[in-house]
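Right, one structure below, let's go through it.
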Amino acid sequence: MLCDREGRMETYEQIYQELRNKGKPAWTGDGYPRAWAKLTETLDSLAAAGQLPVPGSHILELGCGNGMMASQWFARKGYHVCGVDFSPTAIHWAQENFEQQGISGVFLQGDVCSLVQLEDNCFDLIFDGSCMHCLTGSQRGQAYSQVRRLLRESGTFIISSMCGEPGYEEDRQQYDKLSHILYRKGKSWRTLMPLISLRNEIISQGFIIRYVKLTQNPWWDHVTLAVTPG
């Protein structure tokens, strides 16, 4: 597990260093305007559906990157924002981005499977910044356990995840239907569960599903779920 953790950290750190050196705005690179528009649409829909706490609440983003996605949206709306990411470069970058914009946030380098630096029951909402589908095997249960520990009793966990099975042939050839793992270059890359399997996993981890929005794509689908502790 330690070697896997170190390998993941090294990979994400290299990617963020490259993105920053090339002057890209965020993890999504040149696709950032589209990604930001989609995220804004999603969060506006969640707010309209009553799935977000009121401004001033405490928010944690898992996989916050350089702070330019959900953390930025929540900070601009007046929430108390905390973000965590594997990559030290991403965390330093996030701090600088927030300082430049004059918005407040706390950013911590850490592993979402073991957030020992954060106290129990301190967040009203935890937002999955497209992080959960990057976890495979036992990492997923560890992350769910951390979410349950960190959420307040009335808190909400928003999951933003790839789902379904891959649509493109080159991805289907690297997809294990039994483990729901999509491989890249011989290494586990993403967990890509059919929606029913993802729902069952969430329920088995002690959460109640309150909201589901599915977006269908040619490559694979994407789902947003709002869940609460059971």
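The values are calculated or read from the model by the stated rules, or taken from the named source; none is laboratory data. Remember, it's a predicted structure, so these values are computed and weren't measured experimentally. Backbone-built Cβ (ideal geometry, glycine too); neighbour counts: all protein chains shown. With ligands, DNA and RNA removed, areas are computed over all heavy atoms of the protein, side chains included. Shrake-Rupley method; radii C 1.70, N 1.55, O 1.52, S 1.80 Å.
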Return the residues of the stretch 106-143 that are aliphatic (A, V, I, L, M) and in contact (Cβ under 8 Å) with a residue 24 or more places away in the chain; say none if nothing qualifies. V106, L108, V112, L115, L118, L125, I126, M132, L135, A143
For S57, are the conditions met, namely being touching a residue at least 12 places away in the same chain (Cβ under 8 Å), closer than 21 Å to S161 by Cβ and not acidic (D, E)? no
Of everything in the stretch 181-230 that's part of a strand (DSSP E or B) and among the small types (G, A, S), which residue is least open to solvent (accessible area, probe 1.4 Å)? A226
Being acidic (D, E) and within 23 Å of S104 (Cβ to Cβ) is the filter; apply it to the stretch 13-72 and report the residue that is surrounded by the most Cβ atoms within 10 Å (Cβ to Cβ). E61
Just one of the numbered conditions (1) touching a strand residue (DSSP E or B) at 6+ places or on another chain (Cβ under 6 Å); (2) farther than 20 Å from L151 by Cα; (3) exposed (fewer than 15 other Cβ atoms within 10 Å of the Cβ) is not true of N121; which one? (2)
In this structure, is V106 under 17 Å from M68 (Cβ atoms), surrounded by fewer than 18 Cβ atoms within 10 Å (Cβ to Cβ) and among the aliphatic types (A, V, I, L, M)? yes
Here the qualifying pairs (Cβ atoms under 8 Å; residues six or more apart or on different chains; first in the stretch 181-210 and free of Cβ contacts under 8 Å to residues at least 60 places away in the same chain and of a type in the set (S, T, N, Q); second open to solvent by less than 70 Å² (accessible area, probe 1.4 Å) and in a loop (DSSP other than H, G, I, E, B)) come out as S188/T136; S188/G137; T191/L135; T191/T136; T191/H180; S197/H180
Restricting attention to the stretch 165-178, which residues are touching a residue at least 12 places away in the same chain (Cβ under 8 Å) and more than 15 Å from W219 (Cα to Cα)? K177
Got a number for residues in the stretch 166-199 being at pLDDT below 95 and of a type in the set (D, E, K, R)? 3
Does F207 satisfy the criteria of being aromatic (F, W, Y), in contact with a helix residue (DSSP H, G or I) (Cβ under 7 Å, 6 or more places away or on another chain) and within 25 Å of L43 (Cβ to Cβ)? no
Condition first: over 23 Å from Y16 (Cβ atoms), of a type outside the set (K, R) and under 14 Å from the mean Cα position of the chain (by Cα). Can you find one or more residues in the stretch 103-110 that meet it? no
Could you go through the stretch 85-98 and let me know if any residue there is open to solvent by less than 20 Å² (accessible area, probe 1.4 Å), among the acidic types (D, E) and under 25 Å from K187 (Cβ atoms). yes
